[in-house]
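Take a look at the structure set out below.
The values are calculated or read from the model by the stated rules, or taken from the named source; none is laboratory data. Keep in mind it's a predicted model, so treat the numbers as computed, not measured. We place every Cβ from the backbone using ideal geometry, glycine too, and count neighbours over all the protein chains shown. These area figures cover heavy atoms from the full protein model, side chains too; ligands, DNA and RNA do not enter into them. Shrake-Rupley method; radii C 1.70, N 1.55, O 1.52, S 1.80 Å.
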Amino acid sequence: MKRKNIAAANWKMNTTVQEGVALMNELCAQDLDKGAQVVVCAPATHLYALSQLSTPEHVAIGGQNIYTKDSGAFTGEISCPMLKSTGATYAVVGHSERRAYFAETDEFLGEKAKAALSHGLTPIFCCGEGLDIRKAGNHVEHVMAQLKASFALLTAEEVAQLVIAYEPIWAIGTGETASPEQAQEMHAAIRNYLKDAYGADTADSISILYGGSVKPANAKEIFGQPDVDGGLVGGASLKADSFSAIVNSF
Ligand code: 13P
């Protein structure tokens, strides 16, 4: 199975609903490569409004977080059925900002991925190492441990439905990007782990995205690596022209 090329925007906690609607309209007015799956991960408050816009078929919307429970006394949380009901089809799970600021653990993130899949949402499952771990040379080991701890909760069929995003924390919002070789090294290690644990068909079918200061100037070279199937883009996704240039970099 040929895996998908995916350009995913992570707007993080940016834009009002009105600004988000304007940004989505502007993005969809561009000529976007139909061979790429585009996913706009917007704040949850925006998703229903975005789903009501007329957008090309290959542009999907996603949430940036979900809770594991379907409903109940969990003030402020957003469940998978709620997210699904907005029209979203993807959900970012385990972004490093959630791990760092909201103490989300590997195990809890495995539960979130499971919950998302049970409601037909595709998790964009994030992993990545900090600068100290990279400097010590333990980055591959660290990312493998993150994935193994989370995926222990998932069946092989569930793992096969994930999108994985490798986001080195030292490259997020810093302007510093992993080199194409550094990205390829980690993506190949992830795919190798998937092959050993779940078989070659699963490993070949999972899209693995790179995230961390992706911009129009570096997207083509990073996306050109054999095991890089696209990007998860923060800052550069907040301008329609720069994100569309990234979408058109495959
Ligand atoms: P930047 O593209 O702003 O570095 O953010 C990357 C990211 O965290 C996407 O999820």
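Among the candidates Phe108, Phe74, single out the residue that is assigned to a helix (DSSP H, G or I) and among the aromatic types (Phe, Trp, Tyr).
Phe108
Pull out all pairs, ordered by first then second residue, where Cβ-Cβ is under 7 Å, the residues are six or more apart or on different chains, the first lies in the stretch 18-34 and is of a type in the set (D, E, K, R), and the second is open to solvent by less than 90 Å² (accessible area, probe 1.4 Å).
Qualifying pairs under 7 Å: Glu26/Ala240; Asp33/Val247; Asp33/Asn248; Asp33/Phe250; Lys34/His58.
So, in the stretch 117-132, of the ones that are open to solvent by less than 20 Å² (accessible area, probe 1.4 Å) and aliphatic (A, V, I, L, M), which residue ends up farthest from Thr177 (Cα to Cα)?
Step by step, filter the stretch 117-132, then rank; the result is Leu121.
Is it the case that Ile206 is more than 10 Å from the ligand (Cβ to nearest atom), crowded, with 19+ Cβ neighbours inside 10 Å and not hydroxyl-bearing (Ser, Thr, Tyr)?
Judged against the criteria, Ile206 is a match.
How many residues are open to solvent by less than 20 Å² (accessible area, probe 1.4 Å) and either assigned to a helix (DSSP H, G or I) or within 15 Å of the ligand (Cβ to nearest atom) (or both) when one looks only at the stretch 145-179?
Residues flagged as open to solvent by less than 20 Å² (accessible area, probe 1.4 Å) and either assigned to a helix (DSSP H, G or I) or within 15 Å of the ligand (Cβ to nearest atom) (or both) within the stretch 145-179 amount to 13.
Looking at Ile66, is it open to solvent by less than 20 Å² (accessible area, probe 1.4 Å) and either under 12 Å from the mean Cα position of the chain (by Cα) or among the charged types (D, E, K, R) (or both)?
The answer is no for Ile66.
Does at least one position in the stretch 86-93 carry a residue that is buried (at least 18 other Cβ atoms within 10 Å of the Cβ), of a type in the set (Phe, Trp, Tyr) and more than 13 Å from the ligand (Cβ to nearest atom)?
No, the stretch 86-93 has no match at all.
Where the second residue is within 15 Å of the ligand (Cβ to nearest atom) and of a type in the set (Asp, Glu) and the first is touching a residue at least 40 places away in the same chain (Cβ under 8 Å) and part of a strand (DSSP E or B) and lies in the stretch 117-144, which pairs have Cβ atoms under 6 Å and are six or more apart or on separate chains?
If the second residue must be within 15 Å of the ligand (Cβ to nearest atom) and of a type in the set (Asp, Glu), the pairs left are Cys126/Glu167.
Given the conditions (1) under 21 Å from the mean Cα position of the chain (by Cα); (2) modelled with pLDDT of 95 or more, report the number of the one that Lys2 does not fulfil.
Status for Lys2: all satisfied but (2).
Residue check: is Leu194 over 16 Å from the mean Cα position of the chain (by Cα), crowded, with 22+ Cβ neighbours inside 10 Å and not small (Gly, Ala, Ser)?
yes
Scan the stretch 221-244 residue by residue and report those that are over 24 Å from Ile206 (Cα atoms) and in a helix (DSSP H, G or I).
Gly235, Ala236, Leu238, Ala240, Asp241, Ser242, listed by residue number.
Hey, does the stretch 215-233 have a residue that's away from the ligand (no atom under 12 Å from the Cβ), surrounded by 22 or more Cβ atoms within 10 Å (Cβ to Cβ) and within 17 Å of Leu109 (Cβ to Cβ)?
no
Take the stretch 10-59 and flag every residue that is among the polar types (S, T, N, Q), assigned to a loop (DSSP other than H, G, I, E, B) and surrounded by 18 or more Cβ atoms within 10 Å (Cβ to Cβ).
Hits for the stretch 10-59 are Thr15, Thr55.
Taking Lys114 as the residue in question, decide whether it is open to solvent by 30 Å² or more (accessible area, probe 1.4 Å), under 21 Å from Cys41 (Cα atoms), among the basic types (Lys, Arg) and within 15 Å of the ligand (Cβ to nearest atom).
Considered against the rule, which asks whether it is open to solvent by 30 Å² or more (accessible area, probe 1.4 Å), under 21 Å from Cys41 (Cα atoms), among the basic types (Lys, Arg) and within 15 Å of the ligand (Cβ to nearest atom), Lys114 comes out as no.
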